[in-house]
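The values are calculated or read from the model by the stated rules, or taken from the named source; none is laboratory data. No experiment lies behind these values; they were computed from the predicted model shown. Cβ atoms come from the backbone with ideal geometry, glycine included; neighbour counts cover every protein chain shown. The protein model used for the area step is the full one, side chains on, heavy atoms only, and it has no ligands, DNA or RNA in it. Shrake-Rupley method; radii C 1.70, N 1.55, O 1.52, S 1.80 Å.
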Amino acid sequence: QVQLVESGGGWVQPAGSLRLSCAASGSIFSVYPMGWFRQATGKQRTLVAHISSGGTTHYLDSVKGRFTISRDSGKNTAYLQMLSLKPEDTAVYYCYLTQDGTTYWGKGTLVTVSS
């Protein structure tokens, strides 16, 4: 079993920044794909950023150039650096990790961007 715990969410004004963290624990024996989805109220969950086991990254078009996903494999932790935040980035952000065909999810952290 793998457990994921997100942190770093909160309230920020437009153009501000936040860094989300996702700490993985449990039965992790290698470097696995990780990433972030987000879900705004009344909307579907959307992939925001993904990092493969080899380090290749993928981003939602609307966050390219503003968000950066990274990982510290020694700490089994993934990060999402978010810059130039916009009100439309407001959502619950969920971390995931895929291992041997199973996807594990964190409980989410709320990001609110407003003035």
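See the values below:
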quantity: Value of relative contact order over the chain, rounded to a whole percent, pairs C-alpha under 8 Å and six or more apart; calculated: 37 percent
quantity: Percent carbon-and-sulfur accessible area, the stretch 1-108, ignoring ligands, DNA and RNA, probe 1.4 Å; calculated: 50 percent
quantity: Cβ-defined net charge surrounding TRP105, 13 Å radius [Lys, Arg +1; Asp, Glu -1]; calculated: +2
quantity: Computed over the stretch 13-78, Cα set: Rg, Dmax in Å; calculated: 13.1, 39
quantity: Listed residue (LEU18, THR68, VAL5) projecting farthest to the positive dipole end of the chain, Cβ model; calculated: LEU18
quantity: The chain: antiparallel DSSP beta bridges as a percent of all, rounded to 5; calculated: 95 percent
quantity: Reachable aspartates and glutamates, given that their alpha-carbon falls under 14 Å from the alpha-carbon of LYS43 and they are not under 8 places away in the same chain; calculated: GLU88, ASP89
quantity: Inter-part distance where the stretch 34-48 and the stretch 88-106 are each reduced to a Cα centre, Å; calculated: 8 Å
quantity: Accessible area (Å², per residue) of the chain, counting only protein heavy atoms and a probe of 1.4 Å; calculated: 53 Å²
quantity: Label zone at LYS107 (point 7 Å along Cα-to-Cβ), backbone N below 20 Å, the stretch 1-37; calculated: 1-11, 20-27, 35-37
quantity: Check: the stretch 40-115 dipole with +1 on Lys, Arg Cβ and -1 on Asp, Glu Cβ, in debye; calculated: 100 debye
